[in-house]
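Read the figures in this text as sums done on the coordinates, not as results from a lab. This one's a predicted model, so the numbers in the text were calculated from it and none came from an experiment. Here the Cβ positions follow ideal geometry from the backbone for every residue, glycine too, while neighbour counts run over all protein chains shown.
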Amino acid sequence: MLFPKIKEGARKIQEVILFGRYLVLSELGRASGSIVYLARHQKLGEYRVIKRIVKDSGSAWKVREAEILNHLKHPGIPDIYDMEEDEEAFYIIEEYIRGESLEALMLQSSFITPDFIYHTIMEVADILNYMHHLKQGPVIYQDLKSEHVIISENGINLIDFGIASCPFESGNKFQNYGTPEFCAPEKLNNARISVQTDIYSIGKLLEKLVYAEGTKESQYLMHIAEKAMKPDLSERYASVKAFQEDLEKHMQSKGSSVNEKHLLKKIIIAGSQSRIGTTHLSIAFTEYLNRQNIFAVYQEKNSSNHMRKFIFKNGFTKEGGLYRRGNFWGMPAYGKGIEINIPETAVEILDYGSNLEKALSEKADMFLFIMGSREWETEYSDLSYEKLKDKKELTVLTNYGAGKQAKKYAKKYKRSVYCFPLDENPFIMTKEKERLFEGLLEKEGKTNQKHWNCRKHPWMRSNAFVRSIVKLCRKRTGGKHSVS
């Protein structure tokens, strides 16, 4: 098992195993009376964050983070797995969110764009809105700042709920904690906190992002930040929803592409039966995206072993755990016990072959399902389609350039069905394949249709969010995609 990339500057420690299960790998950070560690579960091989809280007169309220996290179920909030204690401390075991903090990304000013600001703030607001509308009452996060916003492969995450509170239970007990720069006036003045306290902080976060972006294009967002930070509560946004509605309205009025699908991070490809062409399609799509300067990595998630055969026969170079040939980056099925750290900026293309059950267990931004076009293959196609038809990310294709069969399927299923061209070499990008992939991204709403014609507008090959991520990745790796 390869260790995950350790945060730069993190202090390595001697080998320690906690509670007979968790091997401590490094120290991630410290706060008053607590230390945060990165650990690995010995049997499961999964990474965990362990927060060690020293027992003292003030430790009782600190462990309430575990109780609060136990009630929060949102993809942008880390799960809590367990809580332990010994004579000296309490230990909260949480999900490890692999990603980069917004604070770190903001140091790369070229990474920040108006679209990036919009989508980041909207996702943070979605998490806060969820917390403010729990059935048992609102949870006030209280510690929103750029260091606690993590951009991971699954989107935006908030971490560190150490001072989150439930006003209906704890009153103002935690209002004196937090980062002064992001603290609302009512916290500093010992007034009662509310959901508007978090609204002040997200306004401050928006202000920082606008300053980091530094162009006139995003300056018009500043008045929204200023309203969110009004000292007078009657003038501040009353809810996160009102803040979001104002932000969206102003972005649309400026003609921004706020309805684009930006975080295209994971594409699943599966087929109705074996030897149907999933590997061919997957490799070709990976090749296409990389040619468009969108870093994509192929992953073999089936037992065909096709990828190893390609590697053996062709001129691949190995970089980390990935294999490269020209514009193509990929990895064979390594099996259990080996984990390759794929760059977080990469679009993952997962080739599940005919294993629909496993393919359906994955969350993805796009699900490509390829069906046979020969007469004896249509029965398998119909049976498989029934299992997938309700997936909103689903895109259906036929193989072997069978346009007539694609039309039959389209009529039967009452949906668009694309046709993958008859093709011998998946690593060669033909005009037919280029047109297909360009059309898939346009018609399935995965990019800005107006700007996707790469041949006419090569400087607009991907949306602003993906372009900025690739730009950041290349800046950090000297133009190469590295794997740790």
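Points to keep in mind about this one:
- For the range 178-254, convex hull volume per residue from C-alpha positions, Å³: 79
- The charge dipole of the range 86-144, taken about its Cα centre with unit charges on the Cβ atoms of Lys, Arg (+1), Asp and Glu (-1) only, comes to about 400 debye.
- Distance violations [Cα-Cα > 29 Å] among K358/K392; K73/K414; K387/K431; K391/K411; K363/K404; K301/K389: K73/K414; K387/K431; K363/K404
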